[in-house]
Amino acid sequence: GAIATGASVNAGKAIVAFGTKQNAVLIHSTANGQLVKKLDGHTAAVNGVAISADGLQVVSGSDDKTVRIWQIDNGQVVRQFETPSPIKSLCLSGDGKQIVTGHEDAKIRVWNVAPGEAGKPEMVVKEIAGHGGPITALAQMLPLGPQVVSGSTDGTVRVWDITSGGQVKTMGHGAPVTSVAARADGKVIASGSANNSAKLWRTDNQQMVAELRGHLPTKRAESETNEANELAKQHVALADAAQKAADASAKERAEALKK
């Protein structure tokens, strides 16, 4: 089977996209897990994928240094452009107008989704440096406007303003970070590493609020062994854990106030 490297879920269309080490983008139904579409064209591992808000397109980034925008229904590439370094992670900006790519050269690059002037090559809007190793994970920071959270092999999790290119926050995970997720309100970040541990962070003070060890909890893991589905459930579990931890800390604060 294909080895999955990144995932993106669109709840409205009930689909999940996976990048694979076999150079493909796979679109699965979240309702029954079935493969809906296989998108071939990349010439190296696809490490980052992001489904558009309307669920009609998927953006992919690969070790072949290209970003491709695909029309999901017919599997065609709508646009494609080259980048300076292999792409290890990818997400869309909160408003969906920019593509954010994380690279092997430890830089984050921001690109406009809308096509530029006719005949002109793609231009990077912002090049952001600061991490000390490849950017292995990226996620939107909703609803904080133009912010993203990144994770790197350097063992840190960082929040960036992609308009200014400035670093907003940094947290030390203590191990190479393989995945990041932010709660919908932007107040809690979850980071996961290859050693099967996840940490939850409050964004207001960058304090760790919880650490989860062992395989990330999933409800249906016993009955499903498909690797792609497992990866999707880990992403969901990460976000779910962030939500639960924040709810618990809010409850604790409320009880402390009562006392």
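Here are the numbers for this structure:
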read-out	value
Condition broken by residue 15, with the remaining ones in (1) more than 24 Å from residue 147 (Cα to Cα); (2) more than 16 Å from the chain's Cα centre (by Cα); (3) at pLDDT below 95 satisfied	(2)
Residue within region 34-43 that is modelled with pLDDT of 95 or more, open to solvent by less than 40 Å² (accessible area, probe 1.4 Å) and at positive phi present	yes
Residues within region 171-201 that are of a type outside the set (Ser, Thr, Tyr), within 18 Å of the chain's Cα centre (by Cα) and open to solvent by 50 Å² or more (accessible area, probe 1.4 Å), tallied	6
Counted residues, region 91-106 - those being over 19 Å from residue 145 (Cβ atoms) and either of a type in the set (Gly, Ala, Ser) or open to solvent by 10 Å² or more (accessible area, probe 1.4 Å) (or both)	4
Condition check for residue 204: crowded, with 18+ Cβ neighbours inside 10 Å, part of a loop (DSSP other than H, G, I, E, B) and among the charged types (D, E, K, R)	no
So residue 52, is it open to solvent by less than 10 Å² (accessible area, probe 1.4 Å), within 16 Å of the chain's Cα centre (by Cα) and among the hydroxyl-bearing types (Ser, Thr, Tyr)	no
Checklist (1) out of contact with any Pro (no Cβ under 8 Å at 6 or more places or on another chain); (2) surrounded by 24 or more Cβ atoms within 10 Å (Cβ to Cβ) applied to residue 75, failing item	(2)
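The values are calculated or read from the model by the stated rules, or taken from the named source; none is laboratory data. Keep in mind that what you see is a predicted model, and the values were worked out from it rather than measured. Please note: Cβ atoms are built from the backbone with ideal geometry, for glycine as well, and neighbour counts cover all protein chains shown. SASA here: full protein model, heavy atoms, side chains in, ligands and nucleic acids out. Shrake-Rupley method; radii C 1.70, N 1.55, O 1.52, S 1.80 Å.
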